[in-house]
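Here, each number is a calculation from the coordinates, and none is a lab measurement. This one's a predicted model, so the numbers in the text were calculated from it and none came from an experiment. Cβ placement follows ideal geometry from the backbone for every residue including glycine, while neighbour counts extend to all protein chains displayed.
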Amino acid sequence: MSRQAERTTADGETGSASGPDGRAVAAALVTVLLWASAFIVIRNSAGYFGPGALALGRLLVASAVLSVLLLVRGGGFPPREAWPGIAGSGVLWFGAYMVALNAGEQRVDAGTAALIINIGPILMALLGGWLLKEGFPRTLMAGMAVSFTGAVVVGLSLSGGGQSSLIGVLLCLCAALANAVGVVLQKPALQHATPMQVTTFGALSGAVACLPFAGQLVSQVSRAPAAATLQIVYLGVFPTALAFTTWAHAVSRTTVGKMGTTTYAVPVLVVFLSWLFLGEVPGLLTLCGGLLCLSGVAVSRMRGRALSPAPEAGPRSRAAGQPVAPAPGRGK
């Protein structure tokens, strides 16, 4: 690409003046579809595997695949300075996030879980403003208020479903928080190690943290049908290892800001796939609350354009499924 064809974007990154790279768009679409499918598979596996066992199985598979990819690329071990961030993000982002999300999806439908999880970027921005001294713009606070209102609406809409549904909403909120803290902890690690190193050893750290569920995993795999066990393999290979790789490929060819907007499609796809494969559709009030959550995230991301036309200091991380990829993003 010639210098004349390049320009600096509002995210402070270099992009193409002629528009997004076609392969980047294709990679982003693959990522979004795989992340959306994770919510459906998790919900479908709830009858065979406990939250911890499902998380451990998924992480073991993902760790194996990512380790092979790292060896093929000659990545090696990350430097010592990166390990605190890798271990912290691995335990929270890969471990706690997945366990909480799995537990939440045993109590609420996949579409509702996806809508709640998508408040993650606001939580990341709040933590970044506090821990990384990135500030608290007015649009961020406004977006937080809108998303909080949406979460309350979702909770009220499910109150008729009993205590289990409300616990499910709280577990999904805990998953979003664990995801956000993990992303913030990961940011310093990326200054010392490659995205592939951080992701691979983060997945390994999460798997180690979930080892207490090993006995449960072995017991439940022995009783579950082969199709249910294959779902664990699917979660580890596709929404985790492959989706993180395609997301990194997409971001490397364009900007995080542009690709981050594609993840807004995840809850929409989850609601559609949940209806198609599981026969589940969130109620109208729940959908309205979920849309408020997404609207709050959109408002919070307006700050770069609203406050100043100058480029931002750096890209803002995104949060599906949950765990976010080598480049700032959110995996499921």
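Quick check: residue separation of residue 26 and residue 219 times 0.36 nm, minus the Cα distance between them. What number comes out in nm? Don't skip to the end; give the middle numbers.
Details: separation 193, 0.36 × 193 = 69.48 nm, distance 3.95 nm.
Computed gain between residue 26 and residue 219 is 65.5 nm.
Please report 238, 201 as a ranked list, fewest other C-beta atoms within 10 angstrom at the top and most at the bottom.
Working: 238 21, 201 25.
The most exposed by this proxy come first: 238, 201.
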**Asked** Taking other Cβ within 10 Å of each residue's Cβ, how do 97, 234 sort, fewest first?
**Response** 234, 97
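Starting with the highest mean, order 42-49, 65-72 by the number of other Cβ atoms within 10 Å, averaged over the residues of each peptide.
Working: 42-49: 20.6, 65-72: 16.2.
Listed from highest to lowest mean packing, they are 42-49, 65-72.
Fewest first, what order do 196, 302 take by the number of other Cβ atoms within 10 Å?
Numbers: 196 18, 302 14.
Ascending Cβ contact count within 10 Å gives the list 302, 196.
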**Prompt:** Using alpha-carbon positions, what is the distance between the centroids of the range 160-230 and the range 64-113, in Å?
**Reply:** 6
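Take the Cβ-Cβ distance between residue 191 and residue 291 as r, set R0 to 35 Å, and report the resulting FRET efficiency rounded to the nearest 0.05. Mind dumping the intermediate values first?
Values: r = 36 Å, r/R0 = 1.04.
Computed FRET efficiency for residue 191 and residue 291 comes out at 0.45.
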**Item:** residue 142 versus residue 281: modelled label distance in nm, points set 7 Å from Cα along the beta carbon direction
**Value:** 3.3
